[in-house]
Amino acid sequence: MNYPEQFVISENPEIVEVISLGDTMMQDRYGKQGERPLAYHCEIHSRDVAEDAMAMMAYAGRSQRLIGLMGIAGTYHDIEHSLSNGDNERASADVAVREMDKIGGFSLEEKGLVYYGILATITKVDSNGKVSQSPRLHVFTDEVVADADLAHLGKPTDIFLAAGDRLFKERYPGSPLNGPEYAAFDKFQLDFIRGHRFYTLQADLLFPTVNQRANICAIKQRIADRTINPG
């Protein structure tokens with residue numbers, strides 16, 4: 001785990017221990033580096049979300065304690081991913097709080113911040129097909145975890161495309177990268193990123209619109225290439 005320089009590991013041993021336990025649990029359940037059985041929702045994604053959430057908190061000038069708590073939320077937010085949307089996040093939040101209780105040293109308020117930060121990553125689809133998340137209104141810590149969960153949308157194109165390919169392999173195991181499922185997945189990615197907006201200024205600055213536009217162009221180009229050269 002890469003912690004921001006504002007977070008002093010030696011001063012926050014209980015936070016580091018809880019994050020380390022969660023990281024190990026993700027590897028044990030879903031396979032180190034995406035080996036089994038999930039290519040996307042493994043420790044690669046949970047570690048990315050934890051690091052991005054901590055980076056946003058550090059960028060916002062928040063205390064190292066809050067930085068670390070959002071690292072816990074990111075680490076555990078998908079730890080029960082085998083469950084359905086909503087059930088996953090609630091069960092994952094329960095696991096995070098349980099591990100915090102085991103290690104000790106956390107207040108009820110701190111456990112609440114982690115719990116509701118994880119619930120903020122629950123996704124919803126409206127009648128127009130637009131996907132949104134579930135942070136409480138104007139609760140910054142919730143918004144940070146929600147933004148971190150989708151931060152890859154605003155990262156450089158190579159990172160964005162690699163994340164998308166891992167998600168495709170997870171959703172369509174065994175399907176080729178030049179088949180009809182991949183074409184449909186590109187359309188899904190294009191619609192998703194076009195309709196997405198980050199909640200926080202920190203996400204907009206760290207994962208900027210210029211990257212999202214470049215990623216849209218990359219997907220559009222891939223769709224165009226497929227049209228010109230089908231199969």
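The values are calculated or read from the model by the stated rules, or taken from the named source; none is laboratory data. Predicted model only: the values in this text are computed from it and were never measured. Here the Cβ positions follow ideal geometry from the backbone for every residue, glycine too, while neighbour counts run over all protein chains shown.
Are there any pairs, at least 6 apart or on different chains, whose C-beta atoms fall under 6 Å, with the first in segment 84-104 and free of Cβ contacts under 8 Å to residues at least 24 places away in the same chain and assigned to a loop (DSSP other than H, G, I, E, B) and the second among the charged types (D, E, K, R) and buried (at least 16 other Cβ atoms within 10 Å of the Cβ), and if so, which?
Cβ pairs passing all conditions: none.
Mind listing whichever residues of segment 115-136 are of a type in the set (S, T, N, Q) and closer than 10 Å to residue 86 by Cβ? Before you say what the answer is, go through the steps one by one.
Let us first name the residues in segment 115-136 that are of a type in the set (S, T, N, Q), namely 121, 123, 127-128, 132-134.
Selection gives 123, 134.
Filter segment 130-145 down to residues that are over 9 Å from residue 199 (Cβ atoms) and outside any helix (DSSP H, G or I), then give me how many there are.
The qualifying residues number 8.
If residue 100 meets every condition in (1) under 19 Å from the mean Cα position of the chain (by Cα); (2) modelled with pLDDT of 95 or more; (3) buried (at least 18 other Cβ atoms within 10 Å of the Cβ) apart from one, which number is that one?
Looking at each condition in turn, residue 100 falls short on (1).
Filter segment 35-90 for residues that are among the aliphatic types (A, V, I, L, M) and more than 16 Å from residue 142 (Cβ to Cβ) and give the result.
First, pick out the residues of segment 35-90 that are among the aliphatic types (A, V, I, L, M): 38-39, 44, 49-50, 53-58, 60, 66-67, 69-70, 72-73, 79, 83.
Result: 38, 39, 44, 55, 58, 79, 83.
Being over 19 Å from residue 3 (Cβ atoms) and surrounded by fewer than 18 Cβ atoms within 10 Å (Cβ to Cβ) is the filter here; which residues of segment 26-70 pass it? Talk me through it step by step, then tell me what you get.
Going through segment 26-70, the residues over 19 Å from residue 3 (Cβ atoms) turn out to be 28-42.
Answer for segment 26-70, where residues must be over 19 Å from residue 3 (Cβ atoms) and surrounded by fewer than 18 Cβ atoms within 10 Å (Cβ to Cβ): 28, 31, 32, 33, 35, 36, 37.
Kindly provide the set of residues from segment 86-139 that are of a type outside the set (Val, Ile, Thr), touching a Ser or Thr at 6+ places or on another chain (Cβ under 8 Å) and more than 18 Å from residue 67 (Cα to Cα), ordered by number.
Listed by number, the residues that qualify are 88, 89, 124, 126, 132, 133, 134.
Of all residues in segment 53-99, how many are touching a His at 6+ places or on another chain (Cβ under 6 Å) and at positive phi?
Selection size over segment 53-99: 0.
Within segment 1-28, restricting attention to residues that are farther than 21 Å from residue 56 by Cα and hydrophobic (A, V, I, L, M, F, W, C), which residue is modelled with the highest pLDDT?
The selected residue is 21.
Kindly establish whether residue 139 is within 21 Å of residue 52 (Cβ to Cβ), out of contact with any Pro (no Cβ under 7 Å at 6 or more places or on another chain) and loosely packed, with under 12 Cβ neighbours inside 10 Å.
Working: within 21 Å of residue 52 (Cβ to Cβ): yes; out of contact with any Pro (no Cβ under 7 Å at 6 or more places or on another chain): yes; loosely packed, with under 12 Cβ neighbours inside 10 Å: no.
Spelling it out, it is not the case that residue 139 is within 21 Å of residue 52 (Cβ to Cβ), out of contact with any Pro (no Cβ under 7 Å at 6 or more places or on another chain) and loosely packed, with under 12 Cβ neighbours inside 10 Å.
When both residues are 6+ apart or on different chains and their Cβ atoms are under 9 Å apart, which pairs have a first residue that lies in segment 9-32 and is free of Cβ contacts under 8 Å to residues at least 60 places away in the same chain and on the phi > 0 side of the Ramachandran plot, and a second that is surrounded by 16 or more Cβ atoms within 10 Å (Cβ to Cβ) and not β-branched (Val, Ile, Thr)?
Going by the 9 Å Cβ cut-off, the qualifying pairs are 31/38; 31/39; 31/42; 31/43.
Among 171, 197, which is closer than 20 Å to residue 41 by Cβ and not hydroxyl-bearing (Ser, Thr, Tyr)? Reasoning before the result, please.
Numbers: 197 fails: closer than 20 Å to residue 41 by Cβ.
Being closer than 20 Å to residue 41 by Cβ and not hydroxyl-bearing (Ser, Thr, Tyr) holds for just one of 171, 197, which is 171.
Among the residues that make up segment 12-34, is at least one of them among the hydroxyl-bearing types (Ser, Thr, Tyr) and under 15 Å from residue 114 (Cα atoms)? Steps first, please.
So in segment 12-34, the residues among the hydroxyl-bearing types (Ser, Thr, Tyr) come out as 20, 24, 30.
Of the ones still in play, those that are also under 15 Å from residue 114 (Cα atoms) are none.
For segment 12-34, residues among the hydroxyl-bearing types (Ser, Thr, Tyr) and under 15 Å from residue 114 (Cα atoms): absent.
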